[in-house]
Amino acid sequence: MAAPPGLPVFFVLVLILLLPPPPLRAEEPAAEPADTRDAARVHSAPAPLTDVARLCVCDLLVAQCDVNCCCDPDCSAEDFSLFTTCSVPVVTGDSQLCNQKAAVYSLDVEANPPERIFKLIDQVNPSIFCIHSTNYKQALYLKSPEIPTPENFDQLLEKFGGASFRAEPDSWDLDTDAQNPPEANETSRYEYGVPVQTEDAFLRLPSPVVTSWCSDANPAGFLVNQATKCIRSVSVEKCDSIQALSMLFYINSSILAVPKSSQMVNITVQSIVVQSLNGMRTLLSSSDVLRLPMVLDDLCINAVLGVNYHITHTDTGEIIEAAAAFVLGAISKEALSIEQSFEISFTQENAEPVPLSGNPGYVVGLPVRAGFQPQGYPSPGSSNKHSQLTILQGTSTQDCLAAQGARAPVLFGYNMISGCKLRITAAMKCQPLAQTLLDVLKGQSFPEYVASFGNSQAQDVLDWVPITQLHISEQSPCQIPVSLGIEVKWTKYGSLVNPQARIVNVTATITTTTLKQLPSGRERIIPITSSVVFTDISAPAEPSYKAWPTINIKLPFDFFYPFV
C-alpha cells in the first residue's frame with residue numbers, strides 16, 4: 001500500500017491499524033474466546049497471610065486495655081469513650097504487595113458517648129516494583145537452617161553436597177488453595193494465644209466462667225500467663241472418684257510439641273507441697289511419688305488445691321518441657337466446697353546469643369545480666385538458665401513455702417523490695433529450716449558474677465564483676481536467714497555527652513537471726529525480706545580541654561644522604 005503524495009507517513013500507519021483484519025484462511029483455526037483461552041492460566045490470588053483486622057502493634061498489655069490503642073481487642077466501648085486519639089490510626093500488612101487490606105481506626109468525638117470507627121479499605125501500592133502475588137510461603141519468613149546430626153547427615157549431603165542445588169520447591173503453582181487443603185496449612189509452631197494442645201484435647205486451666213464455680217473447659221493459651229481461682233463442689237465420701245481432685249487429671253495427658261504433630265512432651269511433677277487443715281504447708285523431699293486422694297478418718301487427703309504449670313519453649317514456638325507444681329491438702333467432712341488456684345507461666349529456653357541489656361552500657365529497666373564460672377573454663381560469663389540476677393517474688397498468700405521457686409528479674413536502676421511470711425512451729429528443726437529459707441532468698445542457683453556492661457560477652461573475663469557475699473549473724477547455736485540485701489554500685493563511663501552505665505561492684509548481704517525453741521503447741525510468724533538497691537558512685541564530671549598533641553618525629557638514619 002503506497003502512500004499518496006503529500007500524505008504523512010504516521011497517517012498511513014493509523015489507517016493500517018483501523019482496517020479490519022483479513023479473513024481467516026482455511027488452514028488457520030478460529031481463535032477461542034478470551035475467557036475460554038485463559039481459563040487454564042487464571043489463578044485465584046492467594047489468601048493474605050496477615051489479617052490486618054486482627055493485627056495490633058500497640059497491644060502491649062496482656063488481657064488489659066492499652067490507652068489510646070484503638071485496635072486493642074481487650075478494650076470495650078466504655079474504654080473507647082475515654083480515648084483522646086488513636087495512637088495507631090492505620091494498620092497495614094506487607095508494604096511490598098501491590099494490593100493489600102488496610103485497617104483504619106478513628107474516634108467519633110461528636111457522638112455521645114464518643115465511639116471508635118473502624119473501616120477496612122483496599123490500599124494500592126503505586127510502585128512498579130511491587131509484589132503482585134506470592135507463591136512461595138517459605139520466602140516470607142526466615143527459616144532456621146537444619147543442623148547436621150548423625151541421623152540427617154546423609155540426607156543433607158545428598159541435597160547440598162553437589163556443586164549446585166535447587167532451593168525452590170518442586171512446583172510453583174499459583175493456585176495454592178488447590179494444592180494445600182486446609183488440613184495441610186496447619187501451622188508448624190505455636191503462636192501467641194493459640195490453645196496448648198494435648199493428645200486428647202488441650203491443656204486445661206480451670207477458671208470461673210459466669211459464676212465462681214470451676215469450669216474445666218478453659219484452654220491454656222500459648223505465651224499467655226494466667227492465674228485463676230475458682231470454687232469446686234466436693235464430697236468427702238466420693239473424693240477419690242472426683243477427677244479434678246486428683247493429680248492424674250492434670251498430668252496424664254501429654255502436650256504436643258507443635259500443633260497437629262506426633263511429638264509428645266510429658267508433664268513432669270516439679271514439686272509437691274502438702275497443706276494441713278490449719279494452713280501449714282510442708283514441702284515434700286521427693287516429688288516422684290504420686291499421691292492420689294483418699295478418705296481417711298472422715299477426711300479427704302491428697303486433694304489438689306492448686307496447680308502451677310511451667311512451660312519451656314523455643315524461639316520458634318516449639319514446646320520442649322512442661323512441669324507442674326502441686327499443692328495438696330486435706331478436706332474435712334463439713335466442707336461442701338473448696339477453692340482451687342491455677343497458674344501457668346512460659347519461659348523461652350536460653351538461646352544464643354544471650355539477650356543484651358544495653359549496648360554497651362545498661363539501660364534503665366532492663367534485666368541485670370548474671371552468670372556462673374564453670375569448672376575448668378575461665379570465663380565467668382557463661383550464663384545461667386535465665387541469664388539474669390533475680391530476687392524473691394512475693395505471692396498473694398505471702399507464704400514463703402508457696403513462694404519457693406518464684407523469682408523476679410532485677411531491673412537496672414529500679415530499687416526493689418519483696419518478702420513473705422514464715423509460720424514456725426515447735427516441731428521445726430533448725431538446720432533444714434535454715435537451708436529452706438536460704439533457698440527461698442537466693443533461689444536454687446544464685447549467680448556468682450554480674451556483667452559490668454549490658455553487652456558483655458562470656459569470653460571477656462574482665463567484663464564480669466564477682467558478687468561479694470556477706471553474712472551478718474549472731475553468736476548462737478541456731479541461726480536462720482531472714483533477709484537478703486543486694487547493693488549494686490554503678491558509675492557513668494565514657495564520654496561526657498553520652499555516658500554509659502557500668503556496674504563496678506555487687507554485694508549480697510544475708511542477715512540471720514536467732515531461732516529460739518518454742519513451747520509445744522505455740523507458733524511464731526517471721527517476716528522474710530529481699531531487696532535490691534542501686535547506688536551511683538560516679539565522680540562529678542569536669543569538662544576540660546584536650547592536651548596539645550606532641551610531635552614525635554624520627555627521621556631515618558640516611559635521610560640526608562649523600563650530603564652528610
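The values are calculated or read from the model by the stated rules, or taken from the named source; none is laboratory data. The model shown is predicted, which means the values in this text are computed figures rather than measured ones. Note: ideal-geometry Cβ built from the backbone for every residue, glycine included; neighbour counts use all protein chains shown.
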Quick check on my filter: what residues within segment 306-316 are crowded, with 19+ Cβ neighbours inside 10 Å and either part of a loop (DSSP other than H, G, I, E, B) or of a type outside the set (A, V, I, L, M) (or both)? 306, 308, 309, 313
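For residue 294, state whether it is at pLDDT 85 or above, under 30 Å from the mean Cα position of the chain (by Cα) and surrounded by 12 or more Cβ atoms within 10 Å (Cβ to Cβ).
No: the conditions fail for residue 294.
The rows are residues; the columns are (1) at pLDDT 85 or above; (2) in contact with a strand residue (DSSP E or B) (Cβ under 9 Å, 6 or more places away or on another chain); (3) in a strand (DSSP E or B).
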| residue | (1), (2), (3) |
| --- | --- |
| 453 | yes, yes, no |
| 458 | no, yes, no |
| 469 | yes, yes, yes |
| 484 | yes, yes, yes |
| 489 | yes, yes, yes |
| 495 | no, no, no |
| 498 | yes, no, no |
| 503 | yes, yes, yes |
| 509 | yes, yes, yes |
Scan segment 71-91 for residues that are farther than 24 Å from residue 222 by Cα and either acidic (Asp, Glu) or in contact with a helix residue (DSSP H, G or I) (Cβ under 8 Å, 6 or more places away or on another chain) (or both) and report the count. 2
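Is it the case that residue 94 is within 27 Å of residue 222 (Cα to Cα), assigned to a loop (DSSP other than H, G, I, E, B) and under 29 Å from the mean Cα position of the chain (by Cα)?
yes
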Only residues that are under 31 Å from the mean Cα position of the chain (by Cα), part of a loop (DSSP other than H, G, I, E, B), at pLDDT 75 or above and of a type in the set (Val, Ile, Thr): list them for segment 102-148, please. 147
Report yes if residue 367 is in contact with a Pro (Cβ under 9 Å, 6 or more places away or on another chain) and modelled with pLDDT of 85 or more, otherwise no. yes
Of the residues in segment 505-532, those that are closer than 30 Å to residue 390 by Cα and either among the charged types (D, E, K, R) or not assigned by TED's automatic domain parsing to the domain that holds residue 453 (or both) come to 524
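Would you confirm, using the coordinates I've provided, whether residue 271 is among the hydroxyl-bearing types (Ser, Thr, Tyr) and in a loop (DSSP other than H, G, I, E, B)?
No: the conditions fail for residue 271.
Look at residue 87 and say whether it is modelled with pLDDT of 85 or more, surrounded by 13 or more Cβ atoms within 10 Å (Cβ to Cβ) and either of a type in the set (A, V, I, L, M, F, W, C) or in the same structural domain as residue 51 (by TED's automatic domain parsing) (or both). Even if it seems obvious, please write down each step before you answer.
On the way: modelled with pLDDT of 85 or more: yes; surrounded by 13 or more Cβ atoms within 10 Å (Cβ to Cβ): yes; either of a type in the set (A, V, I, L, M, F, W, C) or in the same structural domain as residue 51 (by TED's automatic domain parsing) (or both): yes.
In short, yes.
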Is it fair to say residue 462 is under 39 Å from the mean Cα position of the chain (by Cα), hydrophobic (A, V, I, L, M, F, W, C), exposed (fewer than 13 other Cβ atoms within 10 Å of the Cβ) and not in a loop (DSSP other than H, G, I, E, B)? yes
Identify the residue in segment 508-564 that is of a type in the set (Ser, Thr, Tyr) and more than 52 Å from the chain's Cα centre (by Cα) and, among all such residues, is surrounded by the most Cβ atoms within 10 Å (Cβ to Cβ). 561
Among the candidates 483, 418, 473, residue that is surrounded by fewer than 16 Cβ atoms within 10 Å (Cβ to Cβ) and assigned by TED's automatic domain parsing to the domain that holds residue 408: 473
Tell me which residues, restricted to segment 521-545, are in contact with a Lys or Arg (Cβ under 8 Å, 6 or more places away or on another chain) and farther than 30 Å from residue 399 by Cα. 535, 536, 537, 538, 541
Report yes if some residue within segment 176-183 is acidic (Asp, Glu), surrounded by 14 or more Cβ atoms within 10 Å (Cβ to Cβ) and either at pLDDT below 85 or not in a strand (DSSP E or B) (or both); otherwise report no. yes
Counted residues in segment 228-268 being touching a residue at least 12 places away in the same chain (Cβ under 8 Å), assigned to a helix (DSSP H, G or I) and either not small (Gly, Ala, Ser) or not assigned by TED's automatic domain parsing to the domain that holds residue 323 (or both) come to 9
Scan 335, 303, 322 and give me the residue that is under 21 Å from residue 198 (Cα atoms) and either surrounded by fewer than 15 Cβ atoms within 10 Å (Cβ to Cβ) or not hydroxyl-bearing (Ser, Thr, Tyr) (or both). 322
